Amino acid sequence: MACKIGSERKTVQRFTAKFNTIQDRYEKKLLQAKTGNECTAILKMREKELHILLNKYEKETSSDEALIIKSKIYIELKDFSAAAQAFDSLISKNSPVSIDAKMGKVLICIHTGQTQQALRLFKEIENEVENDPDRWNAWFHFSLYSRDSAVQEEYSKKFLGVENLPLRLAVFKTDIYRNLAAIARDRKELSLAEQLLKNAIAQTTDKKIEMVLRSETDQLKFIDKPAIPINPNTWFNSASLDIETLKGKVVAIIFWAPWCNTSLKAISVLNELHSQYSNKGLVIIGYTKLYGKADNNNEIGSAESLPIPKNTEVNFIANYIKRNKMAFPVSIADEGYSFEDYKVTILPTIVFIDKKGNISDIQSGIGRVHTFKNKIVKLLEETNGQTQSR
């Protein structure tokens, strides 16, 4: 019996080591990938290796410890039903690895976007879970994806306090610091926000990300200052608008481009907000400029014929506005001076202006939709700079 137990333990150890080796190898490859197609190819190769590993040890071991590893592979293969069934079976029989099984349920919730459920389950077992990458992964997820800023701060502190994080997790320190800076900015703790952005810059080696972070640092000086005028040349869905004359209303200016896919996601949210709040004091202004091209696929013209004529590009944007049912005012500038004035380096960028005509916040990217909407609602509820009591 002792020999059998010892042999089983060694088999599980080999199984675990091989699983971890595959994960580490492909995580490094994913971090080095430069295109979406590269990432897709790498993920397919990893999936193939995981299937082979799973089939091999399906026959060699049936211990509870092995079932935990098998279930983690199910999660990586997105077979969440099989993983959940295995974890539930271990929990129901009060297996010695039931805590690992409960942690597995947390990971399933994280992978399927059920952050609140994941947090609830994790809170129940957090003190019993080993200090390992699964735990750190949960901390990372709650740091960025909880809807509660206090929860984000709690788990950010824990995550950033871990020494010798695996590379696949350590690379996200930049995102954690940047998110903490956004929380500080919302509280008007601008000095803290600046320091957190400096920490984020210190963590990255990506020059493009560094450029965005430095722009966000520069944008801090605009907070609570009068909005900078924009000077477009062409308007759609509205007569010419002047920010100065819009005092008393909440204004959101979105800097966007028709060839930017992320801009399209923001436009969808803004259309919804325009429909819901335009009669309650919200004015949304889409602001783009002439880039001399139509989209990333050069829908109009070829590389040799760029830049395309102004009228051609304006007509393309007009068709884009119609095709995507942009109902709010949209403007086009011949030059990009306002992009420079607002230190815009990433699209979309949204400038939130309060009823006094001051800049309340500047957000790079669409971020999480609920946060975006909450900013609008909060500004609409303010009267003379004070939030109305409910």
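The values are calculated or read from the model by the stated rules, or taken from the named source; none is laboratory data. For clarity, every value in this text was computed on a predicted model and none was experimentally measured. Note that each Cβ is placed from the backbone with ideal geometry, even for glycine, and that neighbours are counted across all protein chains shown.
Worth pointing out:
- Tally, over region 120-149, of residues that are under 18 Å from the mean Cα position of the chain (by Cα) and aliphatic (A, V, I, L, M): 2
- Pick from region 146-194, criterion among the polar types (S, T, N, Q) and buried (at least 16 other Cβ atoms within 10 Å of the Cβ), ranking: nearest to K29 (Cα to Cα): T174
- Some residue of region 9-25 being more than 30 Å from F172 (Cα to Cα), touching a residue at least 24 places away in the same chain (Cβ under 8 Å) and of a type in the set (A, V, I, L, M): yes
- Residues located in region 18-75, provided they are of a type outside the set (G, A, S) and outside any helix (DSSP H, G or I): K34, T35, T61
- Of all residues assigned to region 182-202, none qualifies as being assigned by TED's automatic domain parsing to the domain that holds L347, more than 22 Å from the chain's Cα centre (by Cα) and not β-branched (V, I, T).
- Of the criteria (1) surrounded by fewer than 16 Cβ atoms within 10 Å (Cβ to Cβ); (2) free of Cβ contacts under 8 Å to residues at least 60 places away in the same chain, which one P226 fails: (2)
- Index of the failed condition, Y57 passing every other in (1) out of contact with any Asp or Glu (no Cβ under 7 Å at 6 or more places or on another chain); (2) modelled with pLDDT of 95 or more: (2)
- Which numbered condition Q23 misses (of (1) in contact with a helix residue (DSSP H, G or I) (Cβ under 7 Å, 6 or more places away or on another chain); (2) closer than 23 Å to L165 by Cα): (1)
- Residues within region 237-275 that are among the acidic types (D, E) and closer than 15 Å to T288 by Cα, tallied: 0
- Of everything listed in (1) within 18 Å of I346 (Cα to Cα); (2) surrounded by 21 or more Cβ atoms within 10 Å (Cβ to Cβ), the single unmet condition for N261 is (2).
- Within region 188-235, the set of residues being polar (S, T, N, Q) and assigned to a loop (DSSP other than H, G, I, E, B) comprises T204, T205, N231, N233.
- Among the residues of region 310-338, those identified as surrounded by 13 or more Cβ atoms within 10 Å (Cβ to Cβ) and part of a loop (DSSP other than H, G, I, E, B) are N324, M326, A327, F328, P329, D334, G336.
- Condition met for I359 (within 26 Å of the chain's Cα centre (by Cα), modelled with pLDDT of 95 or more and not aromatic (F, W, Y)): yes
- Of the residues making up region 339-356, those that are within 26 Å of the chain's Cα centre (by Cα) and not in a strand (DSSP E or B) are F339, E340, D341, Y342, K343, V344, T345, I346, L347, P348, D354.
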